[in-house]
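One structure is given here, and the rest of the page talks about it.
The values are calculated or read from the model by the stated rules, or taken from the named source; none is laboratory data. No experiment lies behind these values; they were computed from the predicted model shown. Cβ atoms come from the backbone with ideal geometry, glycine included; neighbour counts cover every protein chain shown.
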Amino acid sequence: MKKLILSFMGLLLVSSLAFSQSFSDDFESYAPGDWLGSSAAEWTTWSGSTGGGDDVQVSNADANSGSNSIELGPATGNGGPEDVVLYFTGSQIASGQLDMSMMVKVITGAYFNYQANLTIGQIWSVNVNFDAGGQGSITGSGNGEIFAFKYPMEEWIQVELKTNLTENKWQVFVDGECVGSFENPDNLIASIDIFPRGGDHFFVDDFSYNYNTVAPAIDSDAGLSLDITEALGIVGTKTSITGTFSNLGTSMITDFMAEADLAGQIIPFNETGLSLMPGESTGIVINDDYTMVAGTTPVSVSLLSVNGGTYM
């Protein structure tokens, strides 16, 4: 079943109107074999042609809910032929809050992107890559990596992008966990493009989005960065893993909880009794007694809580 919901909300003593638009599609209103772009006005393709070519057929080979989903790939060569597009509101979005969610089952790899302009193929706002071995990455319009993350393959996972365009805060979630957030120099969204790259094979189900012209104010926001992203040194010696914690919000931060991942070794750490004002940063010690091991050890950190609340 697919649903498109439009709503307006008047704000007392404010001259403007808040507008929201929601859409969801679980692909159950189609029959297996139906061409998606020909069956639903909301869906189209990169080429703009439907009913074949780069359109996708509804499949009952697998599903997260019900019986149907869409299957992309297995793709060979340069990818495709499926290249599915949905325009979020019919206009370019430059402010407000856009939240997108879909269930994805990655067999060998998966990919989707946001297009910044209504004319597709000009600016890729963001690329979301699901690569072999459960390694994922977020890249920008120039394909430079913004951050990496891990995900489970061959099982249904929820993938969410929560984007506050007013504040330019982009967040990526996998199964409800924020795997990273960033500011985007291409802070515009017009459409989503779902495409199997060469070698990719995946399913998509339970797609939805919600757009609101009024984005929530961000009071507690923070950034956590490492001084190094790989621990290097002589095997058996001790080293310190350090970083910087920054207050990116508008209210004072008094505490936070986080964890570091050192090649699969999870190290929790937290700070309390802080009085970190907006715009201020402080150095942190994640582990001051880490023993070096042979090879290169990748290091990543994740914020779990700020001021006692879940970091979103």
Cβ-Cβ distance below 7 Å, separation of 6 or more or different chains: which pairs start in segment 201-216 with a residue that is on the phi > 0 side of the Ramachandran plot and end on one that is of a type in the set (D, E)?
D206/D26
Out of segment 128-144, which residues are more than 21 Å from V204 (Cβ to Cβ) and either small (G, A, S) or part of a strand (DSSP E or B) (or both)?
G140, S141, G142, G144
Out of all the residues in segment 178-200, which are farther than 27 Å from N60 by Cβ, in contact (Cβ under 8 Å) with a residue 24 or more places away in the chain and acidic (D, E)?
D186
Go through segment 169-181 and give me each residue that's surrounded by fewer than 16 Cβ atoms within 10 Å (Cβ to Cβ) and either part of a strand (DSSP E or B) or modelled with pLDDT under 95 (or both).
G176, E177
If you go through segment 207-220 one residue at a time, do you hit one that is closer than 15 Å to F130 by Cβ and either at pLDDT 95 or above or crowded, with 16+ Cβ neighbours inside 10 Å (or both)?
no
Residue check, S246 against (1) of a type in the set (S, T, Y); (2) buried (at least 16 other Cβ atoms within 10 Å of the Cβ); (3) at pLDDT below 85; (4) within 29 Å of N164 (Cα to Cα), all met but one. Which one?
(3)
Is it true that P298 is modelled with pLDDT under 75, part of a strand (DSSP E or B) and either under 27 Å from the mean Cα position of the chain (by Cα) or charged (D, E, K, R) (or both)?
yes
Does at least one position in segment 108-116 carry a residue that is buried (at least 19 other Cβ atoms within 10 Å of the Cβ) and either farther than 24 Å from F173 by Cα or of a type in the set (V, I, T) (or both)?
no
Mind checking which residues of segment 239-267 are β-branched (V, I, T) and assigned to a loop (DSSP other than H, G, I, E, B)?
T250, T254
Which count do you get for residues in segment 165-194 that are in contact with a Gly (Cβ under 8 Å, 6 or more places away or on another chain) and under 14 Å from K105 (Cα atoms)?
1
Failed criterion for S65 (all others in (1) part of a loop (DSSP other than H, G, I, E, B); (2) under 28 Å from L118 (Cα atoms); (3) in contact with an Asp or Glu (Cβ under 9 Å, 6 or more places away or on another chain) hold):
(2)
For segment 189-203, give me the residue count where each residue is crowded, with 16+ Cβ neighbours inside 10 Å and either more than 15 Å from the chain's Cα centre (by Cα) or among the hydroxyl-bearing types (S, T, Y) (or both).
9
Restricting the search to segment 158-168, which residues are without any contact (Cβ under 8 Å) to a residue 60 or more places away in the chain, surrounded by fewer than 19 Cβ atoms within 10 Å (Cβ to Cβ) and either among the β-branched types (V, I, T) or under 19 Å from S302 (Cα atoms) (or both)?
Q158
Residues to consider are S95, S101; find the one that is surrounded by fewer than 17 Cβ atoms within 10 Å (Cβ to Cβ), in a strand (DSSP E or B) and hydroxyl-bearing (S, T, Y).
S101
Note on segment 268-290: residues at pLDDT below 80 and surrounded by 12 or more Cβ atoms within 10 Å (Cβ to Cβ) are I286, N287, Y290
Could you please let me know if E154 is modelled with pLDDT of 95 or more and under 29 Å from S65 (Cβ atoms)?
yes
Matching residues, segment 104-127, being without any contact (Cβ under 8 Å) to a residue 40 or more places away in the chain and either in a strand (DSSP E or B) or basic (K, R) (or both)
N127
Those residues of segment 19-66 which are in contact with a Gly (Cβ under 9 Å, 6 or more places away or on another chain), within 13 Å of V204 (Cβ to Cβ) and either of a type in the set (D, E) or loosely packed, with under 15 Cβ neighbours inside 10 Å (or both) amount to D26
Return yes or no: is S47 closer than 23 Å to N117 by Cβ and at pLDDT 95 or above?
yes
